[in-house]
Structure formats: structure tokens, C-alpha cells
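Engineer: One structure is given below, represented as C-alpha cells, and several questions about it will come after.
The values are calculated or read from the model by the stated rules, or taken from the named source; none is laboratory data. Given the structure is predicted, the values throughout are model-derived calculations rather than measurements. Here the Cβ positions follow ideal geometry from the backbone for every residue, glycine too, while neighbour counts run over all protein chains shown. Side chains included, ligands, DNA and RNA excluded: accessible areas come from the protein's heavy atoms. Shrake-Rupley method; radii C 1.70, N 1.55, O 1.52, S 1.80 Å.
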Amino acid sequence: MEVDLSPKLAKKAYGDNGGSYHAWSPSELPMLREGNIGAAKLALEKNGFALPRYSDSSKVAYVLQGNGVAGIMLPESEEKVLAIKKGDAIALPFGAVTWWYNKEDTELVVLFLGDTSKAHRAGEFTDFFLTGSNGIFTGFSTEVVSRACDLDENAVKAFVGNQSSNGIVKLDENFEMPEPKKEHRFGMAFNCEEAPLDVDIKKGGRVVLLNTTVLPMLGEAGLGGDLVRLDGSAMCSPGYSCDSALQMTYIVRGSGHVQVVGVDGRRVLESTLKAGNLFIVPRFFVVSMIASPEGMDWFTVITSPKSPTFTQLAGRTSVWKALSPSVLQASFDVDADTEKLFRSKRTSDAIFFPPPN
């Protein structure tokens, strides 16, 4: 596979004083198109309001920074108004209409990773805005809107023409938006930073899984994922996804180093990682990461609603330890003593390894 896997930063697509929308382009990150997946990021300043829209792709939204309010309307359902905060993951299936609002001083930043297999353009999200300068009503004649909404011509002109901004606006300080309801979070949002740990290895790392057990709506979106926190100088064991899922990995915090090995044992990626980078691991390719001394956190979405299933190539539960001694000897062309030495190392079932002493 001759595809550039280098980590990339998102580029601004649009925005003004209310905030901005950034996206990763398939022209710069070809695996987006190859894998039919998309990635984007929304950043809202204080009183920034992302106008209501729906998308041609199912997504997982992950709150990277700040606190805010999200409005979510599933087909033929009432509007859910959620208080959202850093660490929240929200599944957005096809047909969901969403809006986003930030009333705090701290910038609200939301990451979107998803499936573009049914999108208009492979590797890109296309949003359809309900209002604004590029809203749906702007394309219809005054007569159609008037008859559809039972409004006179002057009212139609106000509804269609008053909002001259595109995508994101800044609201007045005293404008009152809907108040979130605590019960609306149930089944809609899951906070990965506050959840019980699924993996916890001392001086190694921690994992929280994102699956249909904790967020049933992921089943409709067809996506899953996890939040991984790697301690300083620790290493994530080489492994591969054995359920044919693509991995979209966004570096949330810190920095580190990544290596990916593909077909014919070729190293297809070796790169430094930093916060804001997105990289994609193709199906069955083997990936390993080492954190810098400050540590490194990443959020991964996979193209399967199940928990990520990985086969490790190191540790007690690795594929090597499961093979017969004679098979290992023959495979590596080593003697019995070397095979015993190999098997005696890494006897824990950890997927994260602390830094060497």
C-alpha cells in the first residue's frame, strides 16, 4: 500500500469571530479517501453558536476542551439539549440534526471522526445547514417556502435572508439559549475521562473503551473507539486490529513517536507525534507508540461499534507466546536456548510497557 500515512494537522475551512471549523483533507491525508472516513474539528469562542445542520456521515463527537451546550435531534424525535464538557463522547448517527453553543470564556473544541462510505465525497463530511447564507431555504423559491411554512412573503424574506453568516455566528451576551437538561445526557453522552478504567497498568498506561455497552447509540453510528493515556516514556505494545477495522487516532495531549509496519514487513510510517495530529492505521497493519517524557494521550475511533479488538505481538498474551516452542524455533531459525530466552521475556499480559530502568 503506497499511501502517505504521515500525521497531519487540520486546516481552517470557515469561521469568523464566533469560532471556526477545521477539517482534514483527503488530498493531504489520502487514507481518508482510501478508508472512506472523515475528520474535522469545531472551535467555538465565547457566545459562539454553530448553526443547526445535519451531515451525510455518521460520526463520533469528542469534546477536547471546554464546556458548552449541544442540541441533538434524531429523526422523528424531540430535541435533546445536553450540557457537554471535556472528555465527553457523543454518537451522531445518520440524520441527526445538531447545534453547538459555548457560553464560557474558555474555547469549546469538539473533534468529529466518522464514516464517509455514504457521503457525497469519500473522506469528507458534507454538512447541510438549516439556516444561514448557505442554508437549505436559500435554494428554494419564495413561493415554495411560503407555502411550506404558511408564511407571507415578508416573513419568508426575514427567515431566509436575515441570517447572513455561514455556519458559525456570535450571539449577543444576553441572548438566552435553551438550558440543558440532566436527563437528556442519558444514553447520548459518555465521559471517557470520568469512566472506570478498562485497562490500568502502573507506570504504563490506561484505557477507557467506547462501545455500545456504555453508549448504545454507537450501534446506529457503526463506530467504536477508546481513550488511551500513556505515561511518560512508556510504550504501547506492537499490535494490530484483528476485526478488520480502520483506526483514526487523534493526539489529544503530549507528544511521542509512532511506527507502523505493513505488508511484507515494510515500515510504512515512522514519525513524531504532537497534540492536534491525526493519523490513520490501515486494516491489519501493526502499530506501536512510545510517549515522550511528558506522556501522551490519544483518542481513537474505529470503523466498528464493537470494542477495539487487538492482537498483541509482545507480552504474555501475545501471539508468540501462544505458538509451540518448536514452531517458534523453525519460524525464526533459532536454537532451543534462544527460543526459551524469547519466551521468558515479557511474561506479563500488559499492553503498555513502562520505560526501562
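Engineer: For a label point 7 angstrom out from the Cα of Ser117 toward its Cβ, which stretches of the range 214-230 have the backbone nitrogen within less than 15 Å?
Structural biologist: Residues 219-224 qualify, since their backbone N sits under 15 Å from the label point.
Engineer: For the range 1-52, what does the accessible surface come to per residue with a 1.4 Å probe? Please give it in Å².
Structural biologist: Working: 2130 Å² over 52 residues.
Value for the range 1-52: 41 Å² per residue.
Engineer: Another question about this same structure. Here are a few candidate values for Kirkwood radius over Cα pairs in Å: [x] 22.0; [y] 21.3; [z] 20.7. Which one was actually calculated from the structure I just gave you?
Structural biologist: Evaluating Kirkwood radius over Cα pairs in Å on these atoms matches [x].
Engineer: On a 1.4 Å probe surface of the protein chains, which of His22, His120, His184 comes out largest in accessible area, and what is the full order? Mind showing how you got there, number by number?
Structural biologist: Details: His22 40, His120 135, His184 15 Å².
Result of the area sort, largest leading: His120, His22, His184.
Engineer: Please report, as a whole percent, how much of the solvent-accessible surface of the range 95-217 comes from carbon and sulfur atoms (probe radius 1.4 Å). Spell out each step's value before the answer.
Structural biologist: Numbers: 3590 of 7210 Å².
Result for the range 95-217: 50 percent of the exposed heavy-atom area is carbon or sulfur.
Engineer: Further question: What accessible area per residue comes out for the range 169-239, rounded to a whole number of Å², with a 1.4 Å probe? Intermediate values should be presented prior to the final figure.
Structural biologist: Details: 3770 Å² over 71 residues.
With the other protein chains kept in place, the range 169-239 gives 53 Å² per residue.
Engineer: Right, here's the next one. Could you order Ile84, Ile201 by accessible surface area, starting with the largest, using a probe radius of 1.4 Å?
Structural biologist: On the way: Ile84 5, Ile201 35 Å².
In descending accessible area the options line up as Ile201, Ile84.
Engineer: Still on this model: Taking the chain as a Gaussian network, where each spring joins two C-alpha atoms under 10 Å apart, which residue of Thr138, Thr116, Thr300 fluctuates the most?
Structural biologist: Thr138
Engineer: Something else about it: Give me P(r) over the range 83-173, computed from all C-alpha to C-alpha distances, binned every 10 Å, as integer percentages.
Structural biologist: P(r) over the range 83-173, rounded to whole percents: 13, 32, 34, 19, 2.
Engineer: Leaving out ligands, DNA and RNA, what percent of the accessible area of the range 13-54 is carbon and sulfur, probe 1.4 Å?
Structural biologist: Details: 610 of 1400 Å².
Carbon and sulfur together cover 43 percent of it.
Engineer: Kirkwood hydrodynamic radius of the range 1-121 from all distinct Cα pairs, in Å?
Structural biologist: Numbers: mean 1/r = 0.0667 Å⁻¹.
Hydrodynamic radius (Kirkwood, Cα pairs) of the range 1-121 is 15.0 Å.
Engineer: For the ranges 148-154, 108-114, 266-272, 49-55, what's the packing order if you count other beta-carbon atoms within 10 Å of each residue, average per peptide, and put the highest first? Mind showing how you got there, number by number?
Structural biologist: Working: 148-154: 10.6, 108-114: 25.1, 266-272: 13.7, 49-55: 21.7.
In decreasing order of mean packing, 148-154, 108-114, 266-272, 49-55 become 108-114, 49-55, 266-272, 148-154.
Engineer: Just order 204-211, 285-292 by mean Cβ neighbour count inside 10 Å, highest at the front, would you? Let's see the in-between values first.
Structural biologist: Details: 204-211: 22.4, 285-292: 20.2.
Ranked by mean Cβ neighbours within 10 Å, highest first: 204-211, 285-292.
Engineer: Could you sort Tyr250, Tyr240 by their accessible area in this structure, using a 1.4 Å probe and putting the largest first? Write down the numbers at each step before the final one.
Structural biologist: Values: Tyr250 15, Tyr240 65 Å².
Order by accessible area, largest first: Tyr240, Tyr250.
Engineer: Among Gly224, Gly123, Gly71, determine the one that fluctuates most according to a GNM of the chain built with springs between C-alpha atoms less than 10 Å apart.
Structural biologist: Between Gly224, Gly123, Gly71, it is Gly71 that shows the largest mean-square fluctuation.
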